[in-house]
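*Asks:* Once you've had a glance at the structure underneath, I'll fire off some questions.
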Amino acid sequence: DFGCFSYDPGFTITASCKSKITYIDGDRGILLYRGYPIEQLAENCDFIEVAYLLLQGELPNATQFRDFNLEISDRAIIHEALRKFFDGFHYDAHPMAMLVGVVGSLAAFYHKEMNVKDPQHRWICATRMIGKISTIAAASYRHSIGRPFVYPRMDLNYCENFLNMMFSRSSQTYIDQDHYIDPFLVKALNLLFILHADHEQNASTSTVRLAGSTGANPYACVAAGIAALWGPAHGGANEAVLNMLAQIGCAENVPKYIAKAKDVNDPFRLMGFGHRVYKNFDPRATIIRKTCHELLSKFQKNDPLFELALVLEEHALKDEYFIERKLYPNVDFYSGIIYKALNIPVDMFTVMFAIARTAGWVSHWLEMQEEQPGMPIGRPRQLYLGPQRRDFIPINQR
Ligand code: SDX
């Protein structure tokens, strides 16, 4: 009963969609990709291996993995005309804004021969998107610092390629050896990409599925997902965590900000804490926390921001308010710290999330096309809370 009148929506609220890709048990803190525990995948896999699993439903054998890796590397190069889009962006444009725009423009490059009813075409869409997202992401960063773009290389794996495209000091030569990539950093990035690859029907994946249900161009659907991910309540939280830590400033201020987060009249929330589904520890946060502490000790990152994050975590985990509401650190709390330790600029944090989640988005898009051909267009319903029927009043009588 909504006070003014009782309301029978006339329908039961059921699960928004069916999928075989990812399973989450929020109360028990369980996350499975195609039935495999995230802990085992994080420990043993390469990100591209996991991308194959999400797309195909099975882990690849050695030949399948080699061929898939080559296909992704081969598709990582972007059309020279696509690079011109960056010239239109001001140097300080937010990389997520550039990502939305340039990924959306892929729909202008790949639409003529696009036949989503053809499995081969669908597969090419998926591998092209996974290959190109990291190149476009790195190009967004290079544009923002006024450096020449770096081409992807066939002799590097996905994470090495991304770090090279981001940080290589080279010009635009295809092969350059002047940039050493620390294997520990590659391992940390590989882990982050695996943990962020998919997460059931989160806001951005639901956006991609809703757009995909209309039969829209798949690249345009991914651009819609990128836009949804950008919000600070969702994928933008990792950037918001670092901005929050900078706002808190020092460990002495932690109690004050914990009090602000608990104050119902204060809009301040602890970024990186809480989750729509996990009412227990986010399993990804458990995995990433260990790597975060390893990374900080290995690189002696005595950045006060890292110390502050650990003090904040300690205070929140002991506070009744957070314990009662089952507000634990989520994946974004620690990922921001690791990205900072990898020297990724803060405004690129959500871009990193988008690179990884592209594997999940295209897997869900593919699943929809394959499993539900002629699927009904998505059409969420609502609980109407507005006025009941009433007659028009002419303006001279209002
Ligand atoms: C991601 O869906 C996914 O799977 C997303 C994601 C993925 O992989 O795709 O996991 C990635 O988006 C992780 C979440 C990142 N966002 C943040 O870290 C932003 C900070 N978190 C909050 O905005 C919030 O926790 C949400 C949005 C994540 C979840 O909110 P819920 O489940 O809707 O919780 P709620 O709003 O119902 O809050 C319940 C209570 C409220 O207090 P009371 O009304 O009971 O007094 O908890 C409080 C809230 O005020 N609360 C917080 C809080 N989060 C909830 N109080 C302080 N700080 C917080 N972060």
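The values are calculated or read from the model by the stated rules, or taken from the named source; none is laboratory data. Everything quoted here is computed from the prediction, not taken from an experiment. Note: ideal-geometry Cβ built from the backbone for every residue, glycine included; neighbour counts use all protein chains shown. Quick note on the areas: whole protein, heavy atoms, side chains included, nothing else; ligands and nucleic acids left out. Shrake-Rupley method; radii C 1.70, N 1.55, O 1.52, S 1.80 Å.
*Asks:* With a 1.4 Å probe and all protein chains left in place, how much of the accessible area of the chain comes from carbon and sulfur atoms, in whole percent?
*Replies:* Working: 10290 of 19110 Å².
The computed percentage sits at 54.
*Asks:* Tell me which trypsin sites (Lys or Arg not before Pro) from the range 303-388 have a DSSP coil assignment and no more than 14 other beta carbons within 10 Å of their own. If you can, show how the numbers build up before the last one.
*Replies:* On the way: sites: 318, 325, 326, 340, 357, 381; in loops: 325, 326, 381.
Passing sites in the range 303-388 are 325, 326, 381.
*Asks:* When all C-alpha to C-alpha distances in the range 325-398 are sorted into bins of 5 Å, what percent of pairs does each bin hold, rounded to whole numbers?
*Replies:* 3, 10, 10, 10, 9, 10, 11, 11, 7, 6, 7, 4, 1, 0
*Asks:* Given a 1.4 angstrom probe, what's the average accessible area per residue across the range 11-87, in square angstrom?
*Replies:* 56 Å²
*Asks:* Determine the calculated [θ] at 222 nm for the chain from helices alone, applying -39500 (n - 2.57) to every DSSP H run no shorter than 4 residues and normalising by the residue count; nearest 500 deg cm²/dmol.
*Replies:* About -17000 deg cm²/dmol.
*Asks:* Could you tell me which of rounded, prolate or oblate describes the range 246-398, using a ≥ b ≥ c as the square roots of the eigenvalues of the alpha-carbon gyration tensor, with rounded for a/c under 1.5 and, failing that, prolate when a/b is larger than b/c and oblate otherwise?
*Replies:* On the way: a/c = 2.48, a/b = 1.44, b/c = 1.72.
Here the range 246-398 falls in the oblate category.
*Asks:* Given N residues in the range 59-134, what is its alpha carbon radius of gyration divided by 2.2 N^0.38 Å?
*Replies:* Values: Rg = 14.6 Å, N = 76, 2.2 N^0.38 = 11.4 Å.
After normalising by residue count via 2.2 N^0.38 Å, the value is 1.28.
*Asks:* Normalised radius of gyration for the chain, please: alpha carbon Rg relative to 2.2 N^0.38 Å, two decimal places. List each step's numbers first, then the result.
*Replies:* Working: Rg = 22.5 Å, N = 398, 2.2 N^0.38 = 21.4 Å.
In units of the globular-protein estimate, the chain measures up at 1.05.
*Asks:* Report the residue, chosen from 383, 32, 317, that carries the largest GNM mean-square fluctuation when the chain is represented by alpha-carbon nodes joined by springs under 10 Å.
*Replies:* 383
*Asks:* Over all directions, how big on average is the projection of the convex hull of the alpha-carbon atoms in the range 305-364, in square nanometres? Let's see the in-between values first.
*Replies:* Values: hull surface 21.4 nm².
If you wrap the Cα atoms of the range 305-364 in a convex hull and average its projections, you get 5.3 nm².
*Asks:* Two-decimal Rg/Rh of the range 4-148 from alpha-carbon positions, Kirkwood Rh?
*Replies:* Details: Rg = 20.0 Å, Rh = 18.5 Å.
Expressed as Rg/Rh, it is 1.08.
*Asks:* Compare 376, 387, 329 in a GNM of the chain, Cα atoms joined below 10 Å, and give the one with the largest fluctuation.
*Replies:* 387
*Asks:* Oh, and also: Work out, in µm²/s and without decimals, the Stokes-Einstein translational diffusion coefficient of the range 244-323 at 20 °C, 1.002 mPa s, Rh from Kirkwood over C-alpha pairs.
*Replies:* For the chosen part, D equals 156 µm²/s.
*Asks:* Another question, then. What would the Debye equation give as log₁₀ I(q)/I(0) for the range 169-300 at q = 0.14 Å⁻¹, counting only Cα atoms as equal point scatterers?
*Replies:* Those come out to -0.93, one per q.
*Asks:* Moving to a separate point now. Within the chain, what's the longest run with no GluC sites (Glu not before Pro) in a DSSP loop and at most 14 other beta-carbon atoms within 10 Å? Give the range, please.
*Replies:* Working: sites that count: 58, 113.
Here the longest segment lacking exposed loop sites spans 114-398.
*Asks:* Round to the nearest 10 and report in Å² the accessible area of residue 45, as given by a 1.4 Å probe over the protein chains' heavy atoms.
*Replies:* Near enough 20 Å² of accessible area.
*Asks:* How much area per residue is accessible in the range 274-390 when the probe is 1.4 Å and only protein heavy atoms are counted (Å²)?
*Replies:* 48 Å²
*Asks:* Could I ask something else about it? Residue by residue through the range 321-335, which ³J(HN,Hα) values in whole Hz follow from phi under the Karplus form 6.51 cos²θ - 1.76 cosθ + 1.60 (θ = phi - 60°), with glycine and proline marked x?
*Replies:* For the range 321-335, the Karplus curve yields 4, 6, 5, 4, 8, 6, 9, 10, x, 9, 4, 6, 5, 8, 5 Hz.
*Asks:* Connecting C-alpha atoms closer than 10 Å in a GNM of the chain, tell me which of 323, 136, 344 has the biggest fluctuation.
*Replies:* Ranking 323, 136, 344 by mean-square fluctuation puts 323 first.
*Asks:* Taking residue 279 as the anchor, which aspartates and glutamates have their alpha carbon closer than 12 Å to its alpha carbon, excluding any fewer than eight residues away along the same chain?
*Replies:* Filter leaves 25, 27, 324.
*Asks:* Right, another one. So which lysines pass the test for residue 132, namely a Cα distance under 22 Å, with those fewer than 8 places away in the same chain ruled out?
*Replies:* 84, 112, 187
*Asks:* Given C-alpha coordinates of the range 70-215, what is the ratio Rg to Rh with the Kirkwood estimate of Rh?
*Replies:* Numbers: Rg = 16.0 Å, Rh = 16.6 Å.
Using only Cα positions, Rg/Rh for the range 70-215 is 0.97.
*Asks:* Which ³J(HN,Hα) values, rounded to whole Hz and listed in residue order, are derived for the range 192-208 from phi using the Karplus coefficients 6.51, -1.76 and 1.60 in 6.51 cos²θ - 1.76 cosθ + 1.60 with θ = phi - 60°, glycine and proline given as x?
*Replies:* 4, 5, 4, 5, 9, 5, 8, 7, 6, 9, 5, 4, 6, 5, 4, 5, 5
*Asks:* Hey, can you grab everything whose amide H is under 5 Å from the amide H of residue 30? Only 5+ residues off in sequence or another chain; H modelled, so Pro and N-termini drop out.
*Replies:* Hits under the 5 Å cutoff: 25.
*Asks:* Something else now. Counting only chymotrypsin sites (Phe, Trp or Tyr not before Pro) that sit in a DSSP loop (anything but H, G, I, E, B) with at most 10 other Cβ atoms within 10 Å, what is the longest stretch of the chain containing none of them?
*Replies:* Values: sites that count: 2, 5, 11, 91, 180, 384, 392.
The longest uninterrupted stretch comes out as 181-383.
*Asks:* What percent does the relative contact order of the range 113-243 come to when contacts are Cα pairs within less than 8 Å and at least six residues apart? Please list the in-between numbers first.
*Replies:* Working: 100 pairs, mean separation 19.0, N = 131.
In percent, rounded to a whole number, it is 15.
*Asks:* Now a separate question. Cα to Cα, under 17 Å, and not fewer than 8 places away if on the same chain: which aspartates and glutamates meet these conditions relative to residue 18?
*Replies:* 198, 200, 367, 370, 371
*Asks:* Calculate the tail of P(r) for the range 112-166: the fraction of all Cα-Cα distances greater than 19 Å, expressed in %. Display every interim value, and only then the final one.
*Replies:* Details: 600 of 1485 pairs.
Tail fraction, whole percent: 40.
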